[in-house]
Amino acid sequence: MLPKYKRILLKLSGEALMGDANYGIDHKVITQYAYDIKAVTDLGVQVAIVIGGGNIYRGMNEAETGIERAQGDYMGMLATVINGMALQSGLEKIGLYTRLQSAIKMEQIAEPYIRRRAIRHVEKGRVVIFGAGTGNPYFTTDTAASLRAIEIQADVILKGTRVDGIYTADPEKDATATRFETITFSEVYQKSLNVMDMTAFTLCQENKLPIIVFDMNKPGNLLNVIMGKNVGTLVKD
């Protein structure tokens with residue numbers, strides 16, 4: 001069987017990198033992600049990645065911390081670069097070629113984000129990791145993932161989370177919650193389901209970019225999604 005998708009944007013949660021710890025990076029999670037990503041690149045799938053920073057720094061209430069929102073967002077962007085470097089190291093350890101591109105200039109550790117260069121890298125089979133979000137405060141890494149996916153003309157956004165799809169309610173709190181196999185963008189709005197922040201979600205809808213929400217912490221799930229198996233929830237028009 002051939003992969004269903006040729007070029008993907010994989011959105012990973014920073015919190016997932018903590019594993020069972022309360023903060024930081026668990027090398028076992030990095031290793032699992034690296035092998036799962038290698039399994040799909042071995043099939044010729046072109047992979048770009050956006051990763052969050054919540055395991056290192058989360059946006060906090062300005063009234064409690066004294067740190068204004070914009071400053072806090074920049075701190076979060078730097079956290080995504082740290083996670084990107086950790087994932088880059090894990091991927092290269094098992095033989096993948098990678099490039100880390102940052103929306104904030106830091107030439108010693110990452111290339112500046114250049115759209116054409118990013119496309120050329122994935123065409124050559126390199127895994128491209130986009131760090132520092134969009135480079136602007138007030139935008140989430142979900143928005144960065146949507147924007148970069150559209151810019152590099154990805155076929156789909158794969159949002160790797162700790163739950164195996166979109167449910168009628170929070171499955172960790174409601175045992176009666178049921179999973180959607182497919183759902184439209186309009187239905188997500190109508191049911192007020194939390195898939196991505198509204199800016200990111202609207203970008204995907206306007207550009208007809210499908211989203212698949214799936215459990216990235218289950219080894220082999222990424223490959224199953226790529227092969228078109230019934231894993232996670234597909235959001236499309």
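The values are calculated or read from the model by the stated rules, or taken from the named source; none is laboratory data. Quick caveat, the model's predicted, so the values are computed rather than measured. FYI the Cβ positions are ideal-geometry reconstructions off the backbone, even for glycines, and counts take in every protein chain you see. Just the protein is used for accessible areas: all its heavy atoms, side chains included, with ligands, DNA and RNA removed. Shrake-Rupley method; radii C 1.70, N 1.55, O 1.52, S 1.80 Å.
How would region 19-115 be classified by its alpha-carbon gyration tensor: rounded, prolate or oblate, with rounded meaning a/c under 1.5 and the a/b versus b/c comparison settling the rest?
Values: a/c = 2.74, a/b = 1.59, b/c = 1.72.
It is oblate, given that a/c is not under 1.5 and a/b is not larger than b/c.
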### Query
Which entries in the list Lys93/Lys236; Lys6/Lys105; Lys191/Lys218; Lys93/Lys159 go over 32 Å, if you measure between the two C-alpha atoms of each?
Lys93/Lys236
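Run the helix sum for the chain: -39,500 (n - 2.57) per DSSP H stretch of 4+ residues, divided by residue count, reported at 222 nm to the nearest 500 deg cm²/dmol.
Numbers: 8 runs with 86 residues, N = 237.
Calculated at 222 nm, the ellipticity per residue is -11000 deg cm²/dmol.
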### Task
Apply the Karplus parameterisation 6.51 cos²θ - 1.76 cosθ + 1.60, with θ equal to phi minus 60°, to every residue of region 36-53 and state each ³J(HN,Hα) to the nearest whole Hz, in sequence, with x for glycine and proline.
5, 5, 4, 4, 8, 5, 5, 8, x, 6, 8, 10, 10, 9, 10, 10, x, x
#### Entry: the chain, dipole about Cα centre (Lys/Arg Cβ +1, Asp/Glu Cβ -1), debye to the nearest 20
960 debye
### Query
Taking springs between alpha-carbon atoms closer than 10 angstrom, which of Leu43, Leu12, Leu147 fluctuates most in the Gaussian network model of the chain?
Leu43
### Message
As I understand it, the dipole of region 39-187 uses +1 on the Cβ of Lys and Arg and -1 on the Cβ of Asp and Glu, about the Cα centre. Which of Ala86, Pro137, Ala177 lies farthest toward its positive end?
### Response
Ala86
### Inter-probe distance in nm under a simple model that places probes 7 Å from Cα toward Cβ, at Met227 and Met1
0.6 nm
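Please report the antiparallel percentage of DSSP beta bridges with both residues in the chain, rounded to the nearest 5. Present the calculation step by step, with values, prior to reporting the outcome.
Numbers: 4 of 33 bridges.
For the chain, the DSSP antiparallel bridge percentage is about 10.
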### Query
How much area per residue is accessible in region 1-156 when the probe is 1.4 Å and only protein heavy atoms are counted (Å²)?
49 Å²
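Can you give me the % of accessible surface on region 109-237 that is carbon or sulfur? Probe 1.4 Å, all protein chains present, nothing else counted.
Values: 2940 of 6230 Å².
Ligands and nucleic acids excluded, carbon and sulfur reach 47 percent.
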## Note on the structure
The farthest towards the positive end of the charge dipole of the chain, of the residues Ile119, Asn217, Met77, given +1 on Cβ of Lys and Arg and -1 on Cβ of Asp and Glu, is Ile119
### Query
Which distance in nm do the two modelled labels at Glu123 and Arg58 give, with both placed 7 Å along the Cα-to-Cβ direction?
4.2 nm
## Note on the structure
The ³J(HN,Hα) series, computed from each phi in region 71-82 with the Karplus coefficients 6.51, -1.76 and 1.60 at θ = phi - 60°, rounded to the nearest Hz and given as x for glycine or proline, is 4, x, 5, 5, 4, x, 4, 5, 4, 5, 5, 4
### Query
Around Thr182, which amide H atoms from residues at least 5 apart in sequence, or from another chain, sit under 5 Å from its own amide H, with H modelled in the peptide plane?
Leu234
### Message
Place a point 7 Å from Cα of Asn22 in the direction of its Cβ. Which residues in region 39-60 have their backbone N less than 18 Å from it?
### Response
54-60
### Query
How much length is gained if the chain between Asn136 and Ala177 is pulled fully straight, taking 0.36 nm per residue apart and subtracting their Cα-Cα distance, in nm to one decimal?
11.1 nm
### Message
Using a 7 Å offset from the Cα along the Cα-to-Cβ direction at both Met198 and Ala39, what is the distance between the two label points in nm, to one decimal?
### Response
3.8 nm
### Task
May I ask you to evaluate 6.51 cos²θ - 1.76 cosθ + 1.60, the Karplus curve with θ = phi - 60°, for each residue of region 130-138 and list the ³J(HN,Hα) values in order in whole Hz, giving x for glycine and proline?
9, x, 6, x, 8, x, 10, x, 6
### Task
Calculate, for Glu15 and Arg116, the FRET efficiency according to 1/(1 + (r/R0)^6) with r their C-beta to C-beta distance and R0 35 Å; round to the nearest 0.05.
0.60
### Message
Please list, ordered by chain and number, the residues whose modelled amide H lies under 5 Å from the amide H of Thr98; skip anything fewer than 5 residues away on the same chain.
### Response
Val127
